[in-house]
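Peer 1: Shown below is the structure under consideration.
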Amino acid sequence: MCAGHSRGSGVSSLMAEMEKHFRFHGVKSVLLETAVDNEVGIAFWKKHGYREEAVLKRYYLGKVDAYEMRKKLE
């Protein structure tokens with residue numbers, strides 16, 4: 001197993017625990033921002049059920065747009 005795969009699995013496990021904790025405390029959705037040019041990050045969030053909701057113009061350093069992404073927790 002390569003280090004990248006192992007690290008990704010760890011982050012996925014940590015995120016699943018975080019979402020479990022959020023649900024337990026009544027959180028209904030999670031909102032995050034990521035740069036529109038962060039292809040790896042966008043793919044990661046989409047894989048875990050997050051969807052693009054909006055584009056935030058010049059969000060990073062007044063230059064780079066960001067996607068606002070949300071996941072509804074059930």
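Here, each number is a calculation from the coordinates, and none is a lab measurement. Fair warning: this is a prediction, and the values are worked out from it, not measured in the lab. Positions of Cβ are backbone-derived with ideal geometry, glycine not excepted, and every protein chain shown enters the neighbour counts.
Peer 1: Only Cα pairs under 8 Å and at least 6 apart count here; give the relative contact order of the chain as a rounded whole percent.
Peer 2: The normalised contact order for the chain reaches 34 percent.
Peer 1: If you don't mind, another one. Any chance you could run the full-extension gain for A54 through N38? It's 0.36 nm times the residue separation minus the Cα-Cα distance, nm to one decimal.
Peer 2: 4.2 nm
Peer 1: Taking a ≥ b ≥ c as the square roots of the eigenvalues of the Cα gyration tensor of the chain, is the shape rounded (a/c under 1.5), prolate (a/b larger than b/c) or oblate?
Peer 2: oblate
Peer 1: Rounded to the nearest 20 debye, what is the charge dipole size of segment 3-72 about its Cα centre when +1 sits on each Lys and Arg Cβ and -1 on each Asp and Glu Cβ?
Peer 2: 220
Peer 1: Right, next: What's the ranking of 23-29, 9-15, 66-72 by average number of surrounding C-beta atoms within 10 Å, highest first?
Peer 2: Packing proxy ranking, top to bottom: 66-72, 9-15, 23-29.
Peer 1: In deg cm²/dmol and to the nearest 500, what is the mean residue ellipticity at 222 nm of the chain if only DSSP H runs of at least 4 residues count, each as -39500 (n - 2.57), divided by the residue total?
Peer 2: It lands at -14000 deg cm²/dmol.
Peer 1: In whole Hz, with x marking every Gly and Pro, tabulate ³J(HN,Hα) for segment 23-38 from phi via Karplus 6.51 cos²θ - 1.76 cosθ + 1.60, θ = phi - 60°.
Peer 2: Each residue of segment 23-38 in turn: 4, 4, 8, x, 6, 9, 7, 10, 10, 9, 10, 8, 4, 5, 9, 8 Hz.
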